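Data block below; observations after.
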Amino acid sequence: MINIYLEELFPKLLDLGLSVIGAVLIYLIGGKIVKLVRKLLHRSMNRHHVDDGVIQFLDAVVKMAGYFILILLILGLFGITTASVVAVLGSAGLTLGLALQGSLANFAGGVLILILKPFVVGDEIIEDSHKNRGFVEEISVFYTTIRNDDGMEIVIPNGTLANNSIVNLSKSGKRRVDITVPVSYESDLSQVKTALEAIIAAEPRRLQSECNNVVVGELAESSMNLRMRIWVAPADYWAVRFDTIERVKALMDEKKIDIPFNQLDVHICDESGQ
C-alpha cells in the first residue's frame, strides 16, 4: 500500500519540482528581458527627445505589463491557464472596479497630465488642494512626486492634480521678484528710488528685456512702501530675492534711511489734565 502511494507521489513531486525550477527560470530570464526592453525604450525615447514625464510613465506601464505576463506564464506551469485567470478577473470585475476606482482615476489623471502637459518634470508647481509646492521629479502611473525647498519628497495622486487647479511657476520661463521696502515719510523719495534702482541695475541675473523698476506701492499709516520689481529666470528667483533684501538693508544703513516700525506714543497727564 505504501509502495503504491510512493509510486504515485514521486511523479507528482517530480512534476512540482520541475514546475518550480521552470518558474524560477522564467522569472529570472523574463525579468532580464523586461529590464532590457525598458532600457531600449529609454534609449529610443531619449534619442527622440521625449519628455521625462512620458518616459517615466511608459516605463512604469511596460514594467507592470511585463511582470504581469511573467506571472501568467508562471501560473501556467502550475496548471492555471490564462483563460481561468481572465474568468476569475471577469467574475470579480465589479468588485475590483469598486476597489480600484481610485487607482483607475489616478491612472487616467496621469494620462491627462502627459497629454495636456500642465507641467513637466523639472517644473516648480503649487497644487491647489493642500498647497503643496515643489519641483516635479517623477510622473508615474498613479502618482506624481515633487520635492520642496526643504528637500522633502511629496507624493501626490495624479487624480488630485488632474482635477484641481495647479500653479506652474516655471511655465512662462520668467518670474518677477517683488520686494516691499518701507521708508519713513521724512525720507527723500527721489533719493531712495534712485538708490534702489541702482541695486536693480547692478543685478546681473535680471532679465534686461523686461521692465525692472521701483514704484510707490502704498502710502501706509507710518511709511511709504516702495516696491522693487525684478524679472528673473525661475531658477534664479530665490537667490535674487535673498541677495536683494540683503543689499537693501546694507543700503539703508549706508544712506541712513529710516525703516519705520510700529510704535505707540503714551501721553501722561496730571490731575489737572495737563
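The values are calculated or read from the model by the stated rules, or taken from the named source; none is laboratory data. Keep in mind that this is a model prediction, so the values were computed, not measured. Reconstructed Cβ throughout: ideal geometry from the backbone, glycine too, with neighbour counts over all protein chains shown. Just so you know, the surface numbers come from the protein's heavy atoms only, side chains and all, with ligands and any DNA or RNA stripped out. Shrake-Rupley method; radii C 1.70, N 1.55, O 1.52, S 1.80 Å.
Could you name every one of the helices (runs of 4 or more DSSP H) located completely within region 95-213 that has at least 3 residues being of a type in the set (D, E, K, R) and surrounded by 18 or more Cβ atoms within 10 Å (Cβ to Cβ)? Those helices (runs of 4 or more DSSP H) do not exist here; none qualify.
In region 191-206, the residues that are acidic (Asp, Glu) form Cβ pairs under 8 Å with partners that are assigned to a helix (DSSP H, G or I) and open to solvent by less than 60 Å² (accessible area, probe 1.4 Å), at six or more places apart or across chains, as follows: Glu203/Val240; Glu203/Asp243; Glu203/Thr244. All conditions but one from (1) surrounded by 16 or more Cβ atoms within 10 Å (Cβ to Cβ); (2) part of a loop (DSSP other than H, G, I, E, B); (3) out of contact with any strand residue (DSSP E or B) (no Cβ under 8 Å at 6 or more places or on another chain) apply to Asp236; the one that does not is (2).
Selection over region 214-233 of residues that are among the hydrophobic types (A, V, I, L, M, F, W, C), over 24 Å from Asp149 (Cβ atoms) and assigned to a loop (DSSP other than H, G, I, E, B) gives a count of 1.
Could you tell me whether Phe142 is among the hydrophobic types (A, V, I, L, M, F, W, C) and within 17 Å of Ala60 (Cα to Cα)? In short, yes.
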